[in-house]
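The values are calculated or read from the model by the stated rules, or taken from the named source; none is laboratory data. Note that the coordinates shown come from a computational prediction; the quantities given were computed from them, not determined experimentally. Positions of Cβ are generated from backbone atoms using ideal geometry, with glycine treated the same way; all protein chains shown enter the neighbour counts.
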Amino acid sequence: MKSIIIIGYMGAGKTTVGKALAKDLGVMFYDLDWYIESRMRKTVKQIFDEVGEEGFRKIEHNMLHEVAEFENVVVSCGGGTPCFFDNMDYMNQLGETFYLKASPETLHAHLKMGKGVRPLLLNKTPEEVDKFIHEQLKLREPYYEKAKHIIDINVMDNYDKINAIVQQI
Ligand code: S3P
């Protein structure tokens, strides 16, 4: 088995799905943000505060290459990972890439429920977040859609959605 790489916008459920999938397959799971945080001994927010988004993207790119050394694993990426450097093409070479595709409305609803800190969404009103998601998703979709597999998570029933996605992958 080659590695499985999960991509998609913030709030798509990449980490939740990745973790459940790895458990199901009995393989190791790596969340790229968590990997960055443990390697740098800093939170993603601290990294953004110290070196800005540009600095974070360089670190993220380097860490993606480190995680790529592991074989037969499940990796979930950050929402921006596929959109910088040659990351998307690189991930397609590494294994099977899956894009968890969701509407801006679904993403916003998930993000409201979640507790994670997203530096790109901080200090924005709900209306601003809504506009930001719509605009950024349009810019990012061309990268996301290069994934080898696209899973539309909007069409799935809410009942046991995670398991349904895991089974489909
Ligand atoms: C980002 C998404 C985050 C994290 C960072 C930047 C993005 O990961 O990498 O805050 O640019 O979309 P999640 O998609 O896991 O929230």
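Report yes if some residue within segment 101-114 is out of contact with any helix residue (DSSP H, G or I) (no Cβ under 9 Å at 6 or more places or on another chain), modelled with pLDDT under 95, over 21 Å from Val155 (Cβ atoms) and within 13 Å of the ligand (Cβ to nearest atom); otherwise report no. Outline the logic, then answer.
Taking segment 101-114 first, the residues out of contact with any helix residue (DSSP H, G or I) (no Cβ under 9 Å at 6 or more places or on another chain) are 109-110, 113-114.
Remaining after also requiring modelled with pLDDT under 95: 109-110, 113-114.
Filter once more, so that each one left must be over 21 Å from Val155 (Cβ atoms): 114.
Retained after the next criterion (residues that are within 13 Å of the ligand (Cβ to nearest atom)): 114.
Yes, some residue in segment 101-114 is out of contact with any helix residue (DSSP H, G or I) (no Cβ under 9 Å at 6 or more places or on another chain), modelled with pLDDT under 95, over 21 Å from Val155 (Cβ atoms) and within 13 Å of the ligand (Cβ to nearest atom).
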Would you confirm, using the coordinates I've provided, whether Lys101 is in contact with a strand residue (DSSP E or B) (Cβ under 8 Å, 6 or more places away or on another chain) and not aliphatic (A, V, I, L, M)? yes
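Those residues that are surrounded by 21 or more Cβ atoms within 10 Å (Cβ to Cβ) and more than 8 Å from the ligand (Cβ to nearest atom), I need them from segment 74-86; list them, please.
Let us first name the residues in segment 74-86 that are surrounded by 21 or more Cβ atoms within 10 Å (Cβ to Cβ), namely 74-79, 81-82.
Scanning segment 74-86 gives Val74, Val75, Pro82.
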Across segment 108-156, what is the number of residues that are out of contact with any strand residue (DSSP E or B) (no Cβ under 8 Å at 6 or more places or on another chain), in a helix (DSSP H, G or I) and surrounded by 12 or more Cβ atoms within 10 Å (Cβ to Cβ)? 18
Report yes if some residue within segment 117-125 is within 13 Å of the ligand (Cβ to nearest atom), within 28 Å of Lys2 (Cβ to Cβ) and either in contact with a Gly (Cβ under 9 Å, 6 or more places away or on another chain) or without any contact (Cβ under 8 Å) to a residue 12 or more places away in the chain (or both); otherwise report no. no
State the number of residues belonging to segment 28-45 that are hydrophobic (A, V, I, L, M, F, W, C), within 13 Å of the ligand (Cβ to nearest atom) and surrounded by fewer than 17 Cβ atoms within 10 Å (Cβ to Cβ). 2
Can you name the number of the only condition in (1) within 25 Å of Met63 (Cβ to Cβ); (2) touching a residue at least 12 places away in the same chain (Cβ under 8 Å) that Pro104 fails? (1)
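Have a look at Gly11, Gly18 and point out the one that is buried (at least 19 other Cβ atoms within 10 Å of the Cβ), within 12 Å of the ligand (Cβ to nearest atom) and assigned to a helix (DSSP H, G or I). Explain how you work it out, then say what you get.
Numbers: Gly11 fails: assigned to a helix (DSSP H, G or I).
After applying the criteria, what remains is Gly18.
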Pairs needed: first member in segment 52-70, among the hydrophobic types (A, V, I, L, M, F, W, C); second member anywhere, not in a helix (DSSP H, G or I); C-beta distance under 6 Å; at least 6 residues apart or different chains. Val67/Tyr30; Val67/Val75
